[in-house]
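One structure is given below, encoded as structure tokens.
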Amino acid sequence: MATVMRVIDFGEVSPLRSQTLWHAIAYGVSAGSPPTLSFMRPSHPYVSIGFHRRLGELDLEWCRATGLPVFRRMVGGGPVYLDGGQHFFQISVPEAMTKGTRTQTIRSLLAPAVEAFRSVGIDAHLDEHSEISVGPAKICGHAAGQIGSAVVVVGNLITSFDHQAAARIIATPTPTFAEAYLRLMKEYVRATPADPEAFRAAAAESYANELGLVPEPGVMTEHELVRLDELDMQFQELEWLEGSPAPVPTSVKVRAGVSLSFTATEEI
Amino acid sequence: MSEQKILGFIIRTDLAYDLAHHLWVDAARPHQVRVGMDPLGVETSGTLAQLVLHAPGVDYLRGQTVGSLEAEKYVGPVVTPLSGRVIAVNPHVAEHPGLVARDPYGEGWLFELASTDPSELAELLTGEEQVTMGFEERIRKYRLEGVLAE
């Protein structure tokens, strides 16, 4: 039974490592490392796409032309634009520590993040769609998944958000659609400038309290470092990037509960 | 086909179950075992947004991952309850994951496999009485834990 929650702050890392580091840690937790809260932010902008999503949802030509790397992650959700204004956090725990439905697991592993947001002065709440929000706007992009026998929930403190870039990466059928999508994104996704260091300290405290563990600064294990090298290669392989075939989407999501249908320009 | 309403869930009691993974198993023909998600699994998974099953023709050991599903941005594995070669996957559930919730025992089946170790069947929950008791126990546990609403 774990008594310690390892805390690792990687600081600023390359786009690739801002994905592979936490995947490697999740594999480590699956193999016996203690529950781990990790932090990092990407040195340069890039695009991340969810495990099941189609690359065709992205305007790949635009990404290529603007030098945005694209990486497929092993957790859920859609394609997202990420940059240094987004301070990532990840909580990885053994599956045995989680209870209940998937929704309950996600909510219980996001609740400490909500507490951390609130402790740095942001009036955040976990809404009915399990989005961390202020009013109707989502303020934290999250996703979750099971990696080996570890469960990982990822999220971010968004101190600045480039709505234009975030909307532009998505393949949209018409300029009118793209404008509508950008308008909705500006309405429903917002940054919450807060001190990232204070947020990280508050998150370490709230996650440790929630899990009943003692937070301790830590480093990656040898096993995790080996896995990291493997993941670096895997995430740059075309086959991995292309992923598994998934159905063609009929809409593009702005946030949970707010989507724009490809067949009609309306909020659904 | 026989089914029972067990604490609010319609459960077929003529099938075998891997309750830990919320899978039903129709093993009437060992060379063509059909597998699907049980109604309790449907309830606790949340609304399925994505379901991807690996292509047929591959051999798996019991408990190995044969695909993945996503609900509420949470990606989890689909495992096989028996060892064997997957011989078919339901093409309709990938297109319409909601089928699994709408008709878990019918159109929402997941995959079929040719079982290679019949002795594993003994480790599944079978028989009307055992299935009923197993589901009652599991549902009560989930309710006590707050996993299921009354």
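Tabulated data
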{"read-out": "Under 18 Å from residue A:138, Cα to Cα: aspartates and glutamates that are on another chain or at least 8 residues apart", "value": "A:83, A:115, A:123, A:127, A:128, A:162, A:187, A:267, B:72"}
{"read-out": "For the range B:4-54, radius of gyration divided by Kirkwood radius, i.e. Rg to Rh on alpha-carbons", "value": "1.00"}
{"read-out": "Signed unit charges on C-beta, dipole axis of the range A:4-261, positive-most listed residue A:199, A:231, A:122", "value": "A:122"}
{"read-out": "Cross-link pairs A:253/B:5; B:5/B:141; A:253/B:141; A:186/B:73 - those with Cα-Cα distance over 26 Å", "value": "A:253/B:5; A:253/B:141"}
{"read-out": "Charge sum, other residues only, whose C-beta stays under 12 Å from residue A:93's C-beta, Lys/Arg counted +1 and Asp/Glu -1", "value": "0"}
{"read-out": "Tilt relative to chain A, helix A:17-30 - C-alpha long axis, 0 to 90 degrees, to 10", "value": "50 degrees"}
{"read-out": "Between the range B:119-144 and the range A:77-102, the Cα center-to-center distance that results, in Å", "value": "33 Å"}
{"read-out": "Dipole magnitude (debye, nearest 20) for the range B:3-134, charges at Cβ of Lys, Arg, Asp, Glu", "value": "200 debye"}
{"read-out": "Cα-Cα separations in the range A:4-261 greater than 31 Å, expressed as whole percent", "value": "19 percent"}
{"read-out": "Percent of C-alpha pairs per 5 Å bin, the range B:3-134, short to long", "value": "2, 11, 22, 25, 20, 14, 5, 0"}
{"read-out": "With Cα atoms, 0 to 90° folded angle of helix A:196-211 axis to chain A main axis", "value": "60 degrees"}
{"read-out": "Most to least packed among B:31-37, A:183-189 [average Cβ atoms within 10 Å]", "value": "B:31-37, A:183-189"}
{"read-out": "Amide H partners (placed H, <5 Å) of residue B:73, local residues excluded", "value": "A:77"}
{"read-out": "Residue among A:238, A:110, A:37 with the largest mean-square fluctuation in a Gaussian network model of chain A, springs linking Cα atoms under 10 Å", "value": "A:238"}
{"read-out": "Cα-centred dipole magnitude for chain A, charges only on beta-carbon of K, R (+1) and D, E (-1), debye, nearest 20", "value": "380 debye"}
{"read-out": "Degrees separating the helix A:102-119 axis from the principal Cα axis of chain A, which is the longest one", "value": "80 degrees"}
{"read-out": "Length added when fully stretched, residue A:149-residue A:238, from 0.36 nm per residue minus Cα-Cα", "value": "29.4 nm"}
{"read-out": "For residue B:6, residues with placed amide H under 5 Å, excluding near neighbours", "value": "B:11"}
{"read-out": "Peptide A:96-104, shielding by other chains (average Cβ, 10 Å cutoff)", "value": "5"}
{"read-out": "For chain A, with +1 on Lys and Arg beta carbons and -1 on Asp and Glu, the positive-most of A:27, A:50, A:8 along the dipole", "value": "A:50"}
{"read-out": "Residue order, fewest to most surrounding Cβ atoms within 10 angstrom, among A:82, A:55", "value": "A:55, A:82"}
{"read-out": "Fluctuation leader among A:31, A:191, A:150 - chain A, Gaussian network, Cα springs under 10 angstrom", "value": "A:31"}
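Read-outs: derived from the displayed coordinates by stated rules, not from any lab. These numbers come from a predicted model, not from an experiment. Counting neighbours? That spans all protein chains shown, and the Cβs are built from the backbone with ideal geometry, glycine included.
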